[in-house]
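Heads up, the thing below is written out as structure tokens.
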Amino acid sequence: MSDAAGGMLVVWTNVAPGGEADFDAWYTREHVADRVNVPGFRNGARYEAVRGDPRFLAVYETDTVAVLSSPTYRERLNHPTPWTQRVMPSFRDTVRATCRVIANAGEGTGGVQRTCRIDPVPGQSGALRAALTGELPGRLVGQTGVVRVRVVEAVPPAATAQTAETAMRGTDRGITFALLIDGQDIAALQAAGTFVDSTLPSLQGMFEGSPSVGDYRLTFYLGR
């Protein structure tokens with residue numbers, strides 16, 4: 001397993017009925033590039049759900065978590081483009097997380113990705129973090145068709161907590177931990193899911209409720 005490093009912005013969202021076409025064009029033709037052009041952003045990827053909710057997913061990798069509160073990034077958030085001003089109020093049920101990558105196994109970007117959001121029971125964050133960053137990522141990458149596994153932990157959004165963009169979207173929900181599993185196909189995600197499901201009973205008492213799971217297909221990727 002490679003060393004954990006870097007930051008990540010992960011956004012799950014639905015869109016108001018009738019707004020999907022404009023949302024899709026904006027994200028692909030303008031928004032991902034607008035973010036990836038910020039110094040310190042490595043890449044951006046868009047996904048659409050095969051299974052799960054919210055329907056849309058965006059994942060951005062950054063050199064460090066600090067990039068996500070940098071002056072250049074804050075300037076973008078507080079001076080949205082006209083197209084952003086038109087589209088962003090259509091966001092619904094948004095889950096947005098500024099994260100630190102705390103474990104990373106494998107490499108590359110799969111054609112599909114499973115996300116698994118997990119919230120710890122109060123007082124169990126440390127134990128759950130240790131469980132998620134131990135042998136689990138490396139063993140998941142050993143499953144047929146799984147190319148990469150990342151474990152992320154949300155950090156306070158600091159200076160980007162309240163911006164012009166958040167005012168347009170309304171209140172975003174957050175996360176504590178998430179697994180992001182890249183696979184070659186849905187069968188790989190199903191195999192990974194079976195492995196995770198077999199592991200979760202050993203973590204009972206560490207997390208609340210059931211993890212929020214979604215399977216997403218890649219629709220657009222842009223790297224620097």
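The values are calculated or read from the model by the stated rules, or taken from the named source; none is laboratory data. Here the structure is a predicted model, which means the values were calculated and not measured. Every residue, glycine as well, gets a Cβ built from its backbone with ideal geometry; the counts of neighbours run over all protein chains shown. Each accessible area value is taken on the protein alone, full model and side chains, heavy atoms only, with ligands, DNA and RNA left out. Shrake-Rupley method; radii C 1.70, N 1.55, O 1.52, S 1.80 Å.
So which residues in segment 200-224 are exposed (fewer than 15 other Cβ atoms within 10 Å of the Cβ) and over 17 Å from the mean Cα position of the chain (by Cα), if there are any at all?
Residues satisfying the conditions are P201, S202, Q204, G205, E208, G209, S210, R224.
Would you check if V146 is at pLDDT below 95 and touching a strand residue (DSSP E or B) at 6+ places or on another chain (Cβ under 7 Å)?
Details: at pLDDT below 95: no; touching a strand residue (DSSP E or B) at 6+ places or on another chain (Cβ under 7 Å): yes.
For V146, the condition - at pLDDT below 95 and touching a strand residue (DSSP E or B) at 6+ places or on another chain (Cβ under 7 Å) - is not met.
Please find, within segment 115-148, the residue that is surrounded by the fewest Cβ atoms within 10 Å (Cβ to Cβ) out of those that are closer than 20 Å to G6 by Cβ and touching a Lys or Arg at 6+ places or on another chain (Cβ under 9 Å).
Among them, the one singled out is V141.
Just for segment 96-114: of the residues that are open to solvent by 20 Å² or more (accessible area, probe 1.4 Å) and among the small types (G, A, S), which one is farthest from Q184 (Cα to Cα)? Step through it out loud before you land on a result.
Quick first cut of segment 96-114, residues open to solvent by 20 Å² or more (accessible area, probe 1.4 Å) only: 96, 100, 102, 104, 106-109, 111, 114.
Next, from what is left, pick out any that are among the small types (G, A, S): 106, 108, 111.
Details: G106: 13, G108: 10, G111: 5 Å.
If we take residues in segment 96-114 being open to solvent by 20 Å² or more (accessible area, probe 1.4 Å) and among the small types (G, A, S), then G106 is farthest from Q184 (Cα to Cα).
Got a number for residues in segment 17-42 being in contact with a strand residue (DSSP E or B) (Cβ under 7 Å, 6 or more places away or on another chain) and open to solvent by less than 20 Å² (accessible area, probe 1.4 Å)? Spell out how you get there, then give the answer.
Taking segment 17-42 first, the residues in contact with a strand residue (DSSP E or B) (Cβ under 7 Å, 6 or more places away or on another chain) are 23, 27-28, 32-33, 35-36, 40-42.
The next check asks that each one be open to solvent by less than 20 Å² (accessible area, probe 1.4 Å); those that pass are 23, 27, 32, 35-36, 40-41.
Summing the residues that are in contact with a strand residue (DSSP E or B) (Cβ under 7 Å, 6 or more places away or on another chain) and open to solvent by less than 20 Å² (accessible area, probe 1.4 Å) in segment 17-42 gives 7.
Please tell me if A164 is more than 23 Å from V50 (Cβ to Cβ), in contact with a Pro (Cβ under 7 Å, 6 or more places away or on another chain), among the hydrophobic types (A, V, I, L, M, F, W, C) and open to solvent by less than 40 Å² (accessible area, probe 1.4 Å).
Values: more than 23 Å from V50 (Cβ to Cβ): yes; in contact with a Pro (Cβ under 7 Å, 6 or more places away or on another chain): yes; among the hydrophobic types (A, V, I, L, M, F, W, C): yes; open to solvent by less than 40 Å² (accessible area, probe 1.4 Å): yes.
Judged against the criteria, A164 is a match.
Take segment 70-95 and flag every residue that is open to solvent by 40 Å² or more (accessible area, probe 1.4 Å), under 19 Å from the mean Cα position of the chain (by Cα) and not acidic (D, E).
R92
So in segment 167-199, with the set limited to residues that are among the acidic types (D, E), over 24 Å from N78 (Cβ atoms) and in contact with a strand residue (DSSP E or B) (Cβ under 9 Å, 6 or more places away or on another chain), which one is surrounded by the most Cβ atoms within 10 Å (Cβ to Cβ)?
Of segment 167-199, the ones among the acidic types (D, E) are 172, 182, 185, 197.
From what's left, over 24 Å from N78 (Cβ atoms): 182, 185, 197.
Okay, now just the ones that are also in contact with a strand residue (DSSP E or B) (Cβ under 9 Å, 6 or more places away or on another chain), so 182, 185.
Numbers: D182: 26, D185: 14.
Residue satisfying both the conditions and the ranking: D182.
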